[in-house]
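Have a look at the structure below, then the notes.
The values are calculated or read from the model by the stated rules, or taken from the named source; none is laboratory data. Here the structure is a predicted model, which is why all the values come from computation and not from measurement. Glycine also receives a Cβ, built like all others from the backbone with ideal geometry; neighbour counts cover every protein chain displayed. All accessible areas refer to the heavy atoms of the entire protein, side chains included, with ligands and DNA or RNA removed. Shrake-Rupley method; radii C 1.70, N 1.55, O 1.52, S 1.80 Å.
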Amino acid sequence: MIGLIFGPPGSGKGTQAVRISEELHLVHLSTGEILRAEMARGSDLGKEVERIVAAGDLVPDELMDRVVDARLDEGGKPPGMLLDGFPRTLEQAQALDRMLARRGLKVSFLLALEAPEELLIERLLKRAEREGRVDDTKKVIEERMREYHHRTEAVLDYYRRTGVPVLEVDGVGTVEEVFDRVRRVLTEPQSSRSR
Ligand code: AMP
């Protein structure tokens, strides 16, 4: 099973991804976490992406594709993997499909978290106080939202067109409330899922 989790910044995608991976025993692969760990280590990759991430821009596709390809085999074994934060562009989605096809795999579902923008911004500013992420400032948040609408939403359309089940979940509420909805949508038989 290869699941993708999607959502604008602040939608709770990382938090829900951890819960879902535990529940379904999936390997959780977060590209944002990988990049933050590399930045913290001061590795060559970390240094290369530092300025891009801090500005709220997207790291070049070719670089992200290599990062994911190198780790994809960890999720090749059953039950599989949940990708969090990748693919974020149409090019990455096409690259992912090729990487999976080489391994005889394909995307099983895409979970899309949704919430109104005011709530997203409020959550991110609260997280900034708690975690101090370099990209959780007001100006950078705006840039990340722009990137999401401008480039990442196209990925949802791409998967819809290619027939991958896109499961939309309301991301408003507590972590528990949202997780309950996620669990329900993931365990429902496919025929009764809302599109
Ligand atoms: P996230 O933790 O998913 O919010 O990602 C944090 C930041 O890492 C993003 O704002 C981007 O700068 C960078 N990033 C993470 N995943 C990707 C990706 N798939 N493509 C390009 N940039 C990414």
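Here V140 fulfils each of the conditions (1) open to solvent by 10 Å² or more (accessible area, probe 1.4 Å); (2) closer than 21 Å to M1 by Cα apart from (2).
Looking at region 20-63 only, could you name the residues that are open to solvent by 70 Å² or more (accessible area, probe 1.4 Å) and more than 8 Å from the ligand (Cβ to nearest atom)? Within region 20-63, E22, E23, H25, A40, R41, D44, K47, E48, E50, R51, E62 meet the criteria.
Look at G3 and say whether it is modelled with pLDDT under 95 and open to solvent by less than 40 Å² (accessible area, probe 1.4 Å). Taking the combined requirement at face value, the residue does not satisfy it. Confirm whether L110 is of a type in the set (A, V, I, L, M, F, W, C), under 17 Å from the mean Cα position of the chain (by Cα) and open to solvent by less than 50 Å² (accessible area, probe 1.4 Å). In short, yes. Being closer than 23 Å to A154 by Cα, open to solvent by 10 Å² or more (accessible area, probe 1.4 Å) and in contact with a Gly (Cβ under 9 Å, 6 or more places away or on another chain) is not true of A101. Within region 64-80, if we keep just the residues that are without any contact (Cβ under 8 Å) to a residue 60 or more places away in the chain and more than 12 Å from the ligand (Cβ to nearest atom), the residue that is farthest from R146 (Cα to Cα) turns out to be K77.
Examine region 69-82 for a residue that is modelled with pLDDT of 95 or more, buried (at least 20 other Cβ atoms within 10 Å of the Cβ) and in a loop (DSSP other than H, G, I, E, B), and state whether such a residue exists. Among the residues of region 69-82, not one is modelled with pLDDT of 95 or more, buried (at least 20 other Cβ atoms within 10 Å of the Cβ) and in a loop (DSSP other than H, G, I, E, B), which makes the answer no. Between R146, R88, the distinction of being open to solvent by 30 Å² or more (accessible area, probe 1.4 Å), within 13 Å of the ligand (Cβ to nearest atom), at negative phi and at pLDDT 95 or above belongs to R88 only.
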